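A.B. asks: Here's a structure for you.
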Amino acid sequence: MFRSGDPVLMKKLAGLSFLLVTLALCGVAQTSNSTRPRVAPTATPPSLGNDTETRVQRSSPPVLTQDGRRASGQPIPTPPPVDDKDEVIRVETNLVTMPVSVLDRDGRFISGLQQKDFKIFEDGVEQKVDYFQSVEQPFTVVLLIDVSPSTQFKIDEIHNAAIAFVNQLRPADRVMVIAFDERMQVLSPPTNNRMQLRNAIRMAQFGNGTSLYDAVERTIEQELRRIDGRKAVVLFTDGVDTTSQRGAYTTSLRASEESDALFYPIRYDTSRDMGVGRGGGRGGYPRGGGGGRVSMADILGAIIMGGNVNIGRSGGGTSESEYETGREYLETLAQNSGGRQFEAQSLYNLEAAFSGIAEELRRQYSLGYYPENVGKAGDRKQIRIRVMRPEVVVRAKNSYIVGQHALASGGR
């Protein structure tokens, strides 16, 4: 019989109560764990670039039906794990793009054309126009100035013409100045600082030799490839090469065909200054004598004696055929790149030409297509652009060369 207030009894009741409370808490915890599932966050698959149309995920490709469409509701199997450091993603395209200028008969840009107004033909076969854009953009121009001995009588004209071109540009347009004789010298990197450009142009003083082909190739391969956006080369020269070591007539023209820059040669006829076709020795030169710079004494002596100044082989051409070759070279250079050649008849004539060049570069259409026949590396493809409007002049590349990697005209 238990008595009220028995200490032993009280201890036993307290222990029993503690045991019951502990058992109850364990049961609640077990019930909670069995009814509340654990939620883990799902990682977002990575994507490449900012392309809003194409997202590349590191999951398996979608399940396709027989007609090539995604099967609705089909689960996507889980791929095996991929070692990121060994994964190589290759993106290849055969899209060929090119700038196109459309002008009226007075040389003014025709705006407002649409994709449907253009037709593209490659090797005579019409292609589907897959890309079209018409925007006004700033551009970068390389002024490539011939300072060989044959141009020394024209050097002031060349300086003034180059500065006249700079004056046609807008604040966002940039210019790079390069001079060449037997060597090439960068006088100013691309800049829109007009004072810096004028000073650089005035620094272009004549030297020895004429490495025209070297200068064209090096400008394309080393300078233009570093420049983004629209770009062109305005080349001041008589077209006669005498000292190129690395470049050649055909290789430099091929480089211009592969380049995405337009060439605008400004041809100076220096044959009269060099005495070609007139009395004297070979090509009209007085017999004997060396080459190089011509002193005032040489010039005065030639005037008094009724002869010609002997600059020799280090300067311009020594025959009419060499000047004709130079003219053909400049015409082909312009044609291959989609530019134009101009004869430097007067500064007034050139200022009008420069205004047209700046307009062409600033306002262009850009067209692109996927060739029906891609061809193999080294193939030359002929291009013809037609605009379905009357009385228009179309200026664009007329060919490109299929390359191993990226075509300069915007292809592979």
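All of the numbers you see were taken from the coordinates with simple rules; none came from a lab. Worth saying up front: this structure is predicted, and the values here are computed from it rather than measured. Cβ: placed from backbone, ideal geometry, glycine included. Neighbour counts: every protein chain shown.
A.B. asks: Please compute the net charge surrounding VAL166, taking Lys and Arg as +1 and Asp and Glu as -1 over other residues with Cβ under 12 Å from its Cβ. Don't skip to the answer; put the middle values down first.
C.D. replies: Working: positive: ARG170, ARG174, ARG194, ARG198, ARG202; negative: ASP173, GLU351.
Net local charge, VAL166 excluded: +3.
A.B. asks: Separate question: Compute the semi-axes of the equivalent ellipsoid of segment 175-274, taking the square root of 5 times each eigenvalue of the Cα gyration tensor, and list them largest first in whole Å. Mind dumping the intermediate values first?
C.D. replies: Numbers: eigenvalues 85, 70, 29 Å².
With the √(5λ) rule applied to segment 175-274, the semi-axes are 21, 19, 12 Å.
A.B. asks: Along the Cα→Cβ direction, 7 angstrom out, place labels at ASN199 and TYR249. What is the inter-label distance in nm?
C.D. replies: That separation, rounded to one decimal, is 4.2 nm.
A.B. asks: At 0.36 nm per residue, minus the direct Cα-Cα distance, what do SER319 and TYR370 gain on full extension? Give it in nm, one decimal, please. Mind showing how you got there, number by number?
C.D. replies: Numbers: separation 51, 0.36 × 51 = 18.36 nm, distance 4.63 nm.
That works out to 13.7 nm of additional length.
A.B. asks: Using only the alpha-carbon atoms, what does segment 320-399 span along each of its principal axes? Please give whole angstrom values in decreasing order.
C.D. replies: Ordered largest first, segment 320-399 gives principal extents of 46, 35, 22 Å.
A.B. asks: Same structure, new question: Going by average Cβ density within 10 Å per residue, which order do the peptides 348-360, 236-248 take, highest to lowest?
C.D. replies: Numbers: 348-360: 18.5, 236-248: 21.8.
With the highest mean Cβ count within 10 Å placed first, the list reads 236-248, 348-360.
A.B. asks: Okay, next question. Could you sort the peptides 187-198, 372-383 by per-residue average Cβ neighbour count (10 Å cutoff), highest mean leading?
C.D. replies: Details: 187-198: 15.8, 372-383: 12.5.
The peptides rank, most packed first, as 187-198, 372-383.
A.B. asks: What ranking do 118-130, 94-106, 214-226, 259-271 get when scored by the average of other Cβ atoms within 10 Å per residue, highest first?
C.D. replies: Working: 118-130: 15.0, 94-106: 17.9, 214-226: 19.8, 259-271: 24.1.
The packing order, highest mean first, is 259-271, 214-226, 94-106, 118-130.
A.B. asks: Given the Cα-Cα distance of ASP123 and ASP106 and 0.36 nm per residue of separation, how much length would full extension add, in nm? List each step's numbers first, then the result.
C.D. replies: On the way: separation 17, 0.36 × 17 = 6.12 nm, distance 2.99 nm.
That works out to 3.1 nm of additional length.
A.B. asks: Additional query: Between their Cα atoms, which of LYS116/LYS376; LYS119/LYS376; LYS231/LYS397; LYS119/LYS381 are more than 20 Å away from each other?
C.D. replies: Numbers: LYS116/LYS376 30 Å; LYS119/LYS376 24 Å; LYS231/LYS397 14 Å; LYS119/LYS381 16 Å.
Flagged as over cut-off: LYS116/LYS376; LYS119/LYS376.
A.B. asks: Let's test the formula: R0 of 51 Å, r as the Cβ-Cβ distance of ARG272 and GLN133. What FRET efficiency results, to the nearest 0.05?
C.D. replies: Details: r = 46 Å, r/R0 = 0.90.
Efficiency, rounded to the nearest 0.05: 0.65.
A.B. asks: Stretch VAL392-GLU343 to full length: gain in nm at 0.36 nm per residue minus the Cα-Cα span?
C.D. replies: Working: separation 49, 0.36 × 49 = 17.64 nm, distance 2.24 nm.
Once the chain is fully extended between VAL392 and GLU343, it gains 15.4 nm.
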